[in-house]
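The values are calculated or read from the model by the stated rules, or taken from the named source; none is laboratory data. In this text, all values refer to a predicted model and were calculated from it rather than measured experimentally. Cβ placement follows ideal geometry from the backbone for every residue including glycine, while neighbour counts extend to all protein chains displayed.
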Amino acid sequence: MRFIIKFIASAAFLGYFPYIPGTAGTLMGIPIAIAFARMPSFLHFITLIGFFFASAWFSSLAEKIFKKKDAKEIVIDEVMGYLITMAYLPIYWPYIIGGFFLFRFFDIVKPYPAKFFDQKVKGGIGVVADDVVAGLYANLIMQIIKLIF
């Protein structure tokens, strides 16, 4: 069971990538976002909600295994954040790449309330919530870009 938890929480072990585990983990979000984009809107929304709770649960279990809050190997939260970034956007390479870089920017900078969730909320919800906020900021900018262009 520990193997499965580590596998899922680390996004197929991408979280073990040296130096940039969060960036490597975000890459796992690309094929998943492409798959989610093919769903009807309501199913896409419900699936995102389910993925959020699953991510929080696996993150919480993984924290216990790693004995550390938001261990660097846990990158399922980056996958979740990227899925939020790409929600309801066209699946074209400029959007995929632009969303990737915007999400990584907001995930690293952690503008309010992301930093609050990162520092104050414990357990898996705290691990995932800051990435959801980063994804919302990135999605908002990408939606504006979509309207302009």
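Taken over the range 90-105, the criterion of being surrounded by fewer than 14 Cβ atoms within 10 Å (Cβ to Cβ) and not hydrophobic (A, V, I, L, M, F, W, C) is satisfied by Pro90, Tyr92, Pro94. Looking across Leu147, Leu102, Leu136, one residue alone is farther than 16 Å from Ile76 by Cα, assigned to a helix (DSSP H, G or I) and without any contact (Cβ under 8 Å) to a residue 12 or more places away in the chain. It is Leu147. The combined condition, being under 21 Å from Lys122 (Cα atoms) and surrounded by fewer than 19 Cβ atoms within 10 Å (Cβ to Cβ), is fulfilled by Ile49. Residues in the range 1-38 that are outside any helix (DSSP H, G or I) and of a type outside the set (Ser, Thr, Tyr): Met1, Ala11, Ala12, Phe13, Phe17, Pro18, Ile20, Arg38. Are any of the residues in the range 23-42 closer than 16 Å to Ile125 by Cβ and in contact (Cβ under 8 Å) with a residue 24 or more places away in the chain? No, the conditions are met nowhere in the range 23-42. Taking the criterion of being modelled with pLDDT of 95 or more and of a type in the set (S, T, N, Q), the only residue of the range 81-127 that qualifies is Thr85.
The criterion of being within 17 Å of Ile30 (Cβ to Cβ), among the small types (Gly, Ala, Ser) and either in contact with a Pro (Cβ under 6 Å, 6 or more places away or on another chain) or modelled with pLDDT of 95 or more (or both) holds for Ala138. If the condition is being out of contact with any helix residue (DSSP H, G or I) (no Cβ under 9 Å at 6 or more places or on another chain) and either more than 29 Å from Arg38 (Cβ to Cβ) or assigned to a helix (DSSP H, G or I) (or both), then the range 65-93 contributes Lys67, Lys68, Trp93.
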